[in-house]
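Values quoted throughout were computed directly from the atomic coordinates according to the rules given, and no laboratory measurement underlies them. This structure is a prediction, so every number in the text was calculated from the model and none was measured. Here the Cβ positions follow ideal geometry from the backbone for every residue, glycine too, while neighbour counts run over all protein chains shown.
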Amino acid sequence: MRYLIVIMAFVTLLCAHDLIHKVSEQKSIVVHLSFGNDDDFSYEPYEVFYADEKMPYSVGRTDKHSQLLLLPDRAGEWYIKVMSDDGHGKVIAIVVDENFSFKDNSQPLYEKFLKIFVGVSIIFFIFTVIQFKNRRKNEKNGSSQ
């Protein structure tokens with residue numbers, strides 16, 4: 001009986017060092033990072049903070065596809081601080097509501113409307129070039145008479 005108790009004690013100690021895992025499905029927020037010309041931001045460090053907390057909620061690196069996951073455990077304002085080895089980085093603010101829906105508040109206006117601005121600029125440039133050529137053509141025709 002004594003041996004059985006000793007063996008049981010060793011068995012319970014062996015189980016205490018076992019790494020147990022659990023696979024589950026949760027709602028997460030995926031943040032994709034890239035430079036303007038789709039340059040890679042893979043394997044760069046990031047930190048996730050909740051509201052005004054000083055201790056990070058999560059620390060890690062972006063994955064192969066320049067993405068990171070946020071698994072918020074409560075509603076509120078979350079901050080993701082990303083930085084690259086060459087000094088590029090930004091702080092992304094995400095507001096998560098009670099249903100774990102989110103709103104990205106950190107995107108500046110020029111990022112939101114960049115494509116529209118570029119399109120309007122190209123149209124304006126083409127119009128200016130056409131006007132400039134027409135004016136030169138009219139000046140040549142007027143001076144040759």
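At full extension, Q26 and K140 could sit 33.9 nm farther apart than now, given 0.36 nm per residue minus the alpha carbon distance. A crude spin-label estimate for the pair L71 and M1, with each label 7 Å from Cα along the Cβ direction, gives 4.6 nm.
In this structure, A51 and V118 have a Cβ-Cβ separation that, at R0 = 30 Å, corresponds to a calculated FRET efficiency of about 0.25.
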